[in-house]
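Comments concern the structure below.
The values are calculated or read from the model by the stated rules, or taken from the named source; none is laboratory data. Since we're looking at a predicted model, the values are computed, not measured. Cβ sites come from the backbone with ideal geometry, for glycine too, and all protein chains shown count toward neighbours. Side chains included, ligands, DNA and RNA excluded: accessible areas come from the protein's heavy atoms. Shrake-Rupley method; radii C 1.70, N 1.55, O 1.52, S 1.80 Å.
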Amino acid sequence: LRETMQALLARIGETIRHAERFAADAAHELRTPLTSIRGELELLMEDPSLERDTAADLGRVTAKVVELQTLLERLLVLALPDQSQWHATEVVSLQDLTEDSVARLPDGDRRRVRLRAPRGNVVVRGDEALLGMLFSNALSNALKFGRWVEVSTFESEDDVVLVIDDDGPGVSPDQRIRVFE
């Protein structure tokens, strides 16, 4: 039984190493084309003959490419944490993060979100891009399943709390533990 368990753990470890390597390789391979796309967009934006609307559109696309590049860097960090020099040392205002995320929503969705004023100092140390992705995913789900969403941030003893409340069906109790996987 011990030998079988050791063999199983060895196979699981190998599978995890393969998955980590795949994620790192995929992120690495996407770097070059994204860098090329960003460079081409930046060159296009320098064209003085561009109409104002076209330049604005190119600016938005360029910003999305920069977001993708940032997320790819974070993917590398998450795929190979032991080889990373990254540490969660940025000071991030959760209120600013939520306001910026809500501001980027389409008008119809933005009108369904109510941002409450923060209570206390809602600042944390972390990675702004990863926290933004976490919040955006949660907000997207709330908007997908509910008619309205209320977002609040506050201090509670030694913690900073971010609450996303909606009128949707919620997550069944047996699935709640999986929300953070």
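Using a 10 angstrom Cβ neighbour count of at most 16 plus a DSSP loop assignment to flag exposed chymotrypsin sites (Phe, Trp or Tyr not before Pro), which longest range of the chain is free of such sites? It works out to 1-85.
Estimated from helical segments only, the mean residue ellipticity of the chain at 222 nm is -20000 deg cm²/dmol, where each DSSP H run of four or more residues counts as -39500 (n - 2.57). Here the contact order of the stretch 124-181, divided by its residue count and restricted to Cα pairs under 8 Å and six or more residues apart, works out to 28 percent. When restricted to Cα atoms, the stretch 99-181 yields an Rg and a Dmax of 13.2, 36 Å, respectively.
Taking all Cα pairs closer than 8 Å and separated by 6 or more residues, the relative contact order of the stretch 12-81 comes to 55 percent. Heavy-atom accessible surface of the chain, averaged per residue, reaches 72 Å², computed with a 1.4 Å probe.
Rg and Dmax over the alpha-carbon atoms of the stretch 1-52 stand at 22.7, 74 Å.
Checking every one of the GluC sites (Glu not before Pro) in the stretch 126-165 against DSSP loop status and a limit of 16 other Cβ atoms within 10 Å picks out Glu157.
Within the listed set Ser101, Ser156, Ser140, the Gaussian network model of the chain (springs between alpha-carbon atoms below 10 Å) gives the highest mean-square fluctuation for Ser156. For the stretch 1-160, give the percent of accessible area contributed by carbon and sulfur heavy atoms, probe 1.4 Å, rounded to a whole number. The nonpolar share, carbon plus sulfur, comes to 55 percent.
Extension gain, Arg116 to Leu68, is 14.4 nm, computed as 0.36 nm per intervening residue step minus the present C-alpha separation.
If you model the chain as an ellipsoid using its alpha carbon gyration tensor, with each semi-axis the square root of five times an eigenvalue, the axes come out at 33, 29, 16 Å, biggest first.
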